[in-house]
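All remarks here apply to the structure that follows.
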Amino acid sequence: INAEYMGKQLVHNFPLDHKDKNGTPFWTGTRRPPISLEFDAKNPDHANFVVSATFLRAYTSNIIESELKPTDLEEKIKHILNVASKVTFPPFVPTKGLKIATNEKKKKKKKKKLCVD
């Protein structure tokens, strides 16, 4: 499951107009609904993120030898963005009956119970 699907699942379980048992809007205060973005290779922010992540992964995996910019950087950027723009994901299908914890105190108690000293 990728991050986009998790955000869509959250909005599926808790629609924008969802209210809790007390009638308080779910998406209020510091809780904001996630917004999914579609990758656009022409968007400089998207392109910079994908290119940077690609080079970082290649360097830390010893695929490339140096963290310095290669001499054929522009060619590599075009190739990376070309490949990235062809990546597709299956359409999102919500998981029915999925329970999502909404109370941080209950979540912390459960984590503490699972800890073994």
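No lab work stands behind these numbers, since they all come straight from the coordinates. Predicted model only: the values in this text are computed from it and were never measured. Note that each Cβ is placed from the backbone with ideal geometry, even for glycine, and that neighbours are counted across all protein chains shown.
Numbers at a glance
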{"quantity": "Mean Cβ count within 10 Å, highest first, over the residues of peptides 26-37, 46-57", "calculated": "46-57, 26-37"}
{"quantity": "Amide H contacts of K19 (H built 1.01 Å from N, under 5 Å, at least 5 apart or other chain)", "calculated": "F26"}
{"quantity": "The chain: relative contact order as a whole-number percent, Cα under 8 Å and 6+ apart", "calculated": "25 percent"}
{"quantity": "Structure-based [θ]222 nm, the chain - -39500 (n - 2.57) summed over DSSP H runs of at least 4, per residue, nearest 500", "calculated": "-14500 deg cm²/dmol"}
{"quantity": "Under 16 Å from K8, Cα to Cα: aspartates and glutamates that are on another chain or at least 8 residues apart", "calculated": "D17, E38"}
{"quantity": "Correct option for log10 I(q)/I(0) by the Debye sum over Cα atoms at q = 0.10, 0.11, 0.16, 0.19 Å⁻¹ [calculated from the coordinates] among (1) -0.55, -0.64, -0.93, -1.05; (2) -0.29, -0.35, -0.75, -1.05; (3) -0.34, -0.41, -0.79, -1.03", "calculated": "(1)"}
